[in-house]
Every structure is written in structure tokens, then in C-alpha cells.
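The values are calculated or read from the model by the stated rules, or taken from the named source; none is laboratory data. Keep in mind it's a predicted model, so treat the numbers as computed, not measured. FYI the Cβ positions are ideal-geometry reconstructions off the backbone, even for glycines, and counts take in every protein chain you see. Accessible surface areas use protein heavy atoms only, side chains included; no ligands, DNA or RNA. Shrake-Rupley method; radii C 1.70, N 1.55, O 1.52, S 1.80 Å.
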Amino acid sequence: MNIIVVGCGKIGFSIVSDLINEGHDITVIDTDNSTVEEITNMYDCIGVCGNGVDCTVLENAGISQAELVVAVTASDELNMLCCFLSKEMGAKHTIARIRNPEYNGESLDFMRHKLQLSMAINPELLMAQELYNILKIPSAFQVDYFARRNLEMIEVRLKPESNLCGKKIFKIREKQKIEFIIAAVMRQGEVIIPDGSFELQAGDIISIAASPGDIQKLLKDLGLMKKQARNIMIVGGSKTAYYLAKMLLSSGNDVRIVEKNLERCRTLSELLPSDAIIIHGDGSNQELLLEEGMRNLDAFLSLTNFDEQNILTSLFVSRHDVPTVISKVNKSELYTMAESLGLDYLFSTKAITSEIVLRYTRALNNSRGSSIETLYKIMDGKAEALEFKVKENSPIISTPIKNLQIKPGVLIVGIIREGKKALIPTGDDTIQVDDRVIVLSASQKLNSLSDIIR
């Protein structure tokens, strides 16, 4: 697929990397020549230096043959205009990054229609939603929803004191009345699709799937439940912090935001409800954090634009026994380092954005018989969880799952039929037209549900 990416910042780099790995032909556009040179030296792609709203630049990039244009510059307005011009000049599909809170809601729907946008992505809003999900289930460090929230998949790290360590999966399932599946285990960087005889160990990251109504009870029964976060502090008054605080306050949480820019403090005070506490100060100042009740927090989030500060501040807070400590880390090399230092809750806006674009390109590429509805990178990006909607011409309809020749490293995790509660399938279950099927793949990319068959 011919794809043009406009804007080569951190998010642009991440998108290009993922799309190159998918085998697409990529052209990048950026106003900075050194940035274009850097990305073309790093990846097998074509670079064009210039403005993404200059028609000549778009023509030089091959806009009329582009199947997809992804505009992710720092300017919402430039992204929207770029996508509009691209569509007018022959591009088939367009995606724009739109971050400003003023452009959300009805105004965004209006602009999408008028500008012929295939999709609008707000990375900060997406990240805020992901963080909100974690704070509602703090035992997990990743929470993903499928089939209109009828099935939930969470990742949990087993501590040495966990009563699951040393137990085989079939023994764990025997004691539970709740339908669930341990879909994958990551051990020492390797992702395993376990069978019932697989024995769990301390340090394993396990992916559990069940219906949302059962997850909380299941975690409690398995001894994995943490206290739900109520008293929360956020360092950095970013757009993500604003979106997240708004969600948390509407759920009755106590929220404090520490921001060192006085003007931004005033803006947040105007935008957020009166029960939000906005503190003007430096969130890396340890004395300030202690004075503001850090030891009594249920959760702490460092969401500044400086990865190093987020990591160091989070390390300090985690050593004071705050139950949940979350850091925003965008740089890949620092992300790995932060993990090695023991920080479990790490999030990246560029990864979330890239994931959305990846899902969209897979959906455009997929073959007949199913359509990709959702795609998540899980297990530290080493596996994927996908949701497919089954169409009439799917080759696997009505065949018992035990009779399907499913590829190694692939597992059917759940089936949702007629919008009802998720079914954790057995070998005797079948897939039917209009089902939503959730599949985990640790071995290969899937464009269609039929790709699971050998």
C-alpha cells in the first residue's frame, strides 16, 4: 500500500516504523531537511522536504497514487488542511491528528464530514482513556476492551508472593465458576500461548480475558486485586492531564494537578470543575510532593513532556509505597531503561497513535470474509489482540473450533454473539455470521480471520 506520512516528529517516526514493518511503501514529508534525512537513513522510505499543505510538495510525494495520507504535524489546522488537499488531489483515505479539546464533540464530527477525513486521532484523549481504565483496575498495567466492551483483556505481573505462582492453569480454572482464559504468558521476553498444563512462575506477565462484569471478582478471587485509586496526583498540566482529570472528577475521584507554568494553571482552573486542586509548582521537587500529601496517595502520574523527569519522579514516589505509579515515556531507549528500573506502568502517546493507524491499514488490506474492528499491541508489543466481525463468506463458519487447523501461536480468545456476554470458546463451539471474534496472535500479523488457518 502506498502511504504518505506528513510530519516526522516522535509520533511520525513511530508510525513510519510500524508501517514499514507491515511491508507498506512509505513516503514522508517534513519541513525540516535534517529530519527527512534522518528518517530516510533509518528506514527504507522516500523523503520529501517541504510543507504538507503545498500542492507542489504533495504532487512530488505522489499524492494522486496514495492510498492513505497520515498527517501528524504539531498543528491541528495544518493536519486538517493537508488531508483536505490530499483528498482533493486523489488520495483515497486520510487520517489527521487533532489534539485541541475545542475540536472535539460535534464540531469534530462536522469537520470530519466537510474535510472528508477517514479518521481523526487525538493521542492525548486516547492516552487519557487508557490511563483512566488502569486507574479503575489498578491491578492491571494494560486494559483493553473488545466488542463494545463485552470482553475485557488485562495484563498482570505475578509477584513472588502471588498464590498463583507454581500452579498449573487447569488447576486455577477448576476452582473458578467465572468464565475466563489465560490467553498468553510473557516470560523473560518470550510470549507463550499456554495450555492447561502450563505452570505459572513469579515474574510472569499474564494476559487474562473475561467479560468486564467478571474481571473485578476474578481478580479478587485470584488474590490479584489492588485497592481502587481514589486520591490521585498528576504532575504536568498537559492535554492528557486535562482529559484524564475531567474523567476522574466526573467519577468522584480526588484529583490534584501540579504544573509549574502559571498561565497553564489558570487555564486548567477555568476548564476543570471547581473540585479539582491545581497546584503551581515544580512536580520534580520532592519536598513539594511530600508537602502535598504524596504518602497518602492511591495513584501518582507523571505526565510531563520530559521523559527523564517522569522516570526520576516516579522512582522517588514508588519508593514511598504509593500503590500505583504511572509514567509517560515516549523515547524507546528510555522506555526499556524505565522497565529495568522496576517501573511497571509506562505509557506512550506515540505507541497509542501508531496502533490506531496500524489497525486502519490492516482493515484496508484485509481479505473477504471478515473485517478488523479492533487491534491492540499487547505483551510489550510482542503480540497482538484483534477483533474481527465475521461476514457471510468467511471460510470458517460453522466448523467446530477443534476441527480448524489453527496456526501455532494463535488463539481464539472469545466470541460475542448478538451483543450478548462474551463466550470463552471450547473446541466444540463454532463461529457464525455476524459474530465478533477476538483472536490473540503471538507469531504473525493477521489481516483477516481466515489468516488464523494453516
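Of note:
- Residue count for the stretch 90-125 satisfying the condition of being open to solvent by 50 Å² or more (accessible area, probe 1.4 Å) and either polar (S, T, N, Q) or modelled with pLDDT of 90 or more (or both): 4.
- Qualifying residues in the stretch 52-89 (those that are surrounded by fewer than 16 Cβ atoms within 10 Å (Cβ to Cβ) and either among the aromatic types (Phe, Trp, Tyr) or in contact with a strand residue (DSSP E or B) (Cβ under 8 Å, 6 or more places away or on another chain) (or both)) - the one farthest from LEU108 (Cα to Cα): ASN60
- Odd one out for GLU333, checked against (1) open to solvent by 60 Å² or more (accessible area, probe 1.4 Å); (2) part of a loop (DSSP other than H, G, I, E, B); (3) of a type outside the set (Ser, Thr, Tyr): (2)
- The listed residue being in a helix (DSSP H, G or I), touching a strand residue (DSSP E or B) at 6+ places or on another chain (Cβ under 6 Å) and either within 18 Å of ARG149 (Cβ to Cβ) or not β-branched (Val, Ile, Thr) (or both), out of GLU373, GLU387, GLU355: GLU355
- Every listed requirement among (1) open to solvent by 30 Å² or more (accessible area, probe 1.4 Å); (2) within 21 Å of the chain's Cα centre (by Cα) is met by ASN133 save one, (1).
- Flag for SER318 being farther than 18 Å from VAL439 by Cα and free of Cβ contacts under 8 Å to residues at least 12 places away in the same chain: no
- Of the criteria (1) more than 22 Å from the chain's Cα centre (by Cα); (2) touching a residue at least 40 places away in the same chain (Cβ under 8 Å); (3) within 25 Å of TYR376 (Cα to Cα), which one ILE169 fails: (2)
- Annotation note: Cβ proximity below 9 Å between a residue of the stretch 243-256 that is modelled with pLDDT under 95 and a residue that is among the basic types (Lys, Arg) and part of a helix (DSSP H, G or I) (sequence gap 6+ or interchain) occurs for SER251/LYS136.
- Residue check for GLU384: in contact (Cβ under 8 Å) with a residue 24 or more places away in the chain, open to solvent by 40 Å² or more (accessible area, probe 1.4 Å) and either within 24 Å of ILE15 (Cβ to Cβ) or touching a Leu at 6+ places or on another chain (Cβ under 8 Å) (or both): no
- Of all the numbered requirements in (1) open to solvent by 60 Å² or more (accessible area, probe 1.4 Å); (2) at pLDDT below 90; (3) not β-branched (Val, Ile, Thr), LYS402 misses one, and that requirement is (2).
- Residues satisfying the stated conditions in the stretch 250-272, i.e. farther than 22 Å from GLN228 by Cα and in a loop (DSSP other than H, G, I, E, B): LYS260, ASN261, LEU272
- Residue match in the stretch 172-186 (condition: surrounded by fewer than 19 Cβ atoms within 10 Å (Cβ to Cβ), in contact (Cβ under 8 Å) with a residue 40 or more places away in the chain and within 28 Å of PHE300 (Cβ to Cβ)): no
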